[in-house]
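Enquirer: This structure is in structure tokens; I'll ask about it shortly.
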Amino acid sequence: MTNERKPMSLQRLLDMHASGDKIAMLTCYDAAFASLLDEAGVDVLLIGDSLGNVLQGESSTVPVSVEQMAYHTRCVARGRKSAWVLADLPFDSYHASLEQAWHSAAALVKAGAHMVKLEGGGWTAPVVKFLAERGIPVCGHLGFTPQTVVALGGFKVQGRDEQAAELLKRHARELQDAGATMLVLEMVPSALAAELTKTLSIPVIGIGAGVGCSGQVLVLHDMLDITPGRRPRFVRNFMQGASSVQDAVRRYVSEVKAQTFPQDDLHGY
């Protein structure tokens, strides 16, 4: 099958959010899967630091380095034709200084990323502003943030009580005001995620955050049911009933677009 899609752009993603056209995102770590996911209609390929878990066998994303992220970003960029390429800034790559954040982000952009993603709110707003003003599109990540799982007390839904919800909303507005042009919400109550999606002018991508977001993202290995061990409750095995991996990915894209995935009552692990 020949991929005849027009290359995805930041403006198209913003237009999709504004019009209610759902954005389908999946993690991707190599050229072969980049080509397959692209041809199956995935809008955004996320080179996640989740590669530490699913590729390297680590217990968390913390050990992943900028150099490893750049390597996998380069692989994905070579394989894709039209999908938007988003790469995670890993732990300890933007925390020490704005200069450190710039060099880390620039390394991923040079490797082929169109946008970088960083976790957390509050202290990250100046980092977002610094990068955005210098021409690097930035995606925020709020709610459950895997790089700080220990500080969060484990794999827990975030923003359940009123105080936590108000803090999350404030951080989301701060990130947008600082120049973030996309936001990932992970393991957040669906009502809160839907509210933010309506009030923010940027796309809000959910993972375990309900169907009311601008789009959805899953870890590729989770939705293909090849991740060993326990998987989050919000993950669906799209290989079940599929004729091939590409068929499973197409089903995921179709269900995201049709808003039949995910189920709003499934958030945590």
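Enquirer: For the list (1) in contact with a strand residue (DSSP E or B) (Cβ under 6 Å, 6 or more places away or on another chain); (2) surrounded by fewer than 19 Cβ atoms within 10 Å (Cβ to Cβ), I need the number of the one condition that Leu175 fails.
Expert: (2)
Enquirer: Across segment 237-263, what is the number of residues that are open to solvent by 20 Å² or more (accessible area, probe 1.4 Å) and modelled with pLDDT of 95 or more?
Expert: The number of residues fulfilling the criteria is 18.
Enquirer: Only one of these is touching a residue at least 60 places away in the same chain (Cβ under 8 Å) and either out of contact with any strand residue (DSSP E or B) (no Cβ under 9 Å at 6 or more places or on another chain) or crowded, with 19+ Cβ neighbours inside 10 Å (or both): Ala191, Ala209. Name it. Lay out the reasoning, then the answer.
Expert: Values: Ala191 fails: touching a residue at least 60 places away in the same chain (Cβ under 8 Å).
Residue meeting the stated conditions: Ala209.
Enquirer: Give me a count of the residues in segment 232-257 that are in contact (Cβ under 8 Å) with a residue 24 or more places away in the chain and among the aliphatic types (A, V, I, L, M).
Expert: The number of residues fulfilling the criteria is 5.
Enquirer: For segment 181-205, give me each residue that is in a helix (DSSP H, G or I) and over 19 Å from Leu10 (Cβ atoms).
Expert: Those that are in a helix (DSSP H, G or I) and over 19 Å from Leu10 (Cβ atoms): Ser190, Ala191, Leu192, Ala193, Ala194, Glu195, Leu196, Lys198, Thr199.
Enquirer: Residues in segment 209-224: is at least one more than 15 Å from the chain's Cα centre (by Cα) and among the charged types (D, E, K, R)?
Expert: no
Enquirer: So which residues in segment 21-44 are open to solvent by 40 Å² or more (accessible area, probe 1.4 Å) and part of a loop (DSSP other than H, G, I, E, B), if there are any at all?
Expert: If the condition is that a residue be open to solvent by 40 Å² or more (accessible area, probe 1.4 Å) and part of a loop (DSSP other than H, G, I, E, B), then Asp21, Asp30 are the ones that fit.
Enquirer: Moving to a separate point now. Output the number of the condition that Arg160 fails; it satisfies all remaining conditions of (1) surrounded by fewer than 16 Cβ atoms within 10 Å (Cβ to Cβ); (2) in contact with a helix residue (DSSP H, G or I) (Cβ under 9 Å, 6 or more places away or on another chain); (3) charged (D, E, K, R); (4) assigned to a helix (DSSP H, G or I).
Expert: (4)
Enquirer: While we're on this one: Which condition does Leu196 not pass, out of (1) touching a Gly at 6+ places or on another chain (Cβ under 7 Å); (2) more than 20 Å from Leu37 (Cα to Cα), if it passes all the others?
Expert: Failing condition for Leu196: (1).
The values are calculated or read from the model by the stated rules, or taken from the named source; none is laboratory data. As the structure is a prediction and not an experimental result, all values here were calculated from the model. Using ideal geometry, Cβ is built from the backbone for each residue, glycine included, and neighbour counts are taken over all protein chains shown. Each accessible area value is taken on the protein alone, full model and side chains, heavy atoms only, with ligands, DNA and RNA left out. Shrake-Rupley method; radii C 1.70, N 1.55, O 1.52, S 1.80 Å.
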